[in-house]
């Protein structure tokens with residue numbers, strides 16, 4: 001998998017798996033990535049880890065207790081395309097710092113796409129009355 005393939009797969013997943021990647025999840029993971037907390041080496045902090053957890057948390061924190069034990073493993077084995085998404089996250093960049101930067105860009109792009117879709121859906125249809 002090339003880096004471009006990885007970017008396209010992650011972007012596709014963010015856009016098309018909206019039952020998982022809700023608007024709020026995009027914002028929460030964006031903040032997580034801006035803070036540099038995404039990490040391929042910790043299952044709670046990797047792409048599948050944040051995708052599968054309802055509460056973002058840093059696994060390598062001192063005295064860590066995962067609020068949702070095994071969320072990563074369950075997700076990886078039960079969701080279509082999860083192993084490919086995991087590999088794509090690895091291939092985004094050679095290190096976690098680069099992965100966080102790429103994810104920030106991808107998340108911001110998807111948030112922008114959804115905002116434009118929402119604005120377009122709210123446009124007035126010609127001839128339609130709108131209450132004032």
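Of the residues 48, 92, the single one that is surrounded by 17 or more Cβ atoms within 10 Å (Cβ to Cβ) and at pLDDT 95 or above is 92. Within the stretch 1-19, the set of residues being surrounded by 13 or more Cβ atoms within 10 Å (Cβ to Cβ), touching a residue at least 40 places away in the same chain (Cβ under 8 Å) and either in a loop (DSSP other than H, G, I, E, B) or within 10 Å of the chain's Cα centre (by Cα) (or both) comprises 10, 11, 13, 14, 15. Would you confirm whether or not the stretch 59-67 contains a residue that is in a helix (DSSP H, G or I), at pLDDT below 80 and over 18 Å from residue 3 (Cβ atoms)? Looking through the stretch 59-67, none of the residues is in a helix (DSSP H, G or I), at pLDDT below 80 and over 18 Å from residue 3 (Cβ atoms).
The values are calculated or read from the model by the stated rules, or taken from the named source; none is laboratory data. Bear in mind the structure is a predicted one, so any value in this text is a computation, not a measurement. Note that we place each Cβ from the backbone using ideal geometry, even for glycine, and neighbour counts take in every protein chain shown.
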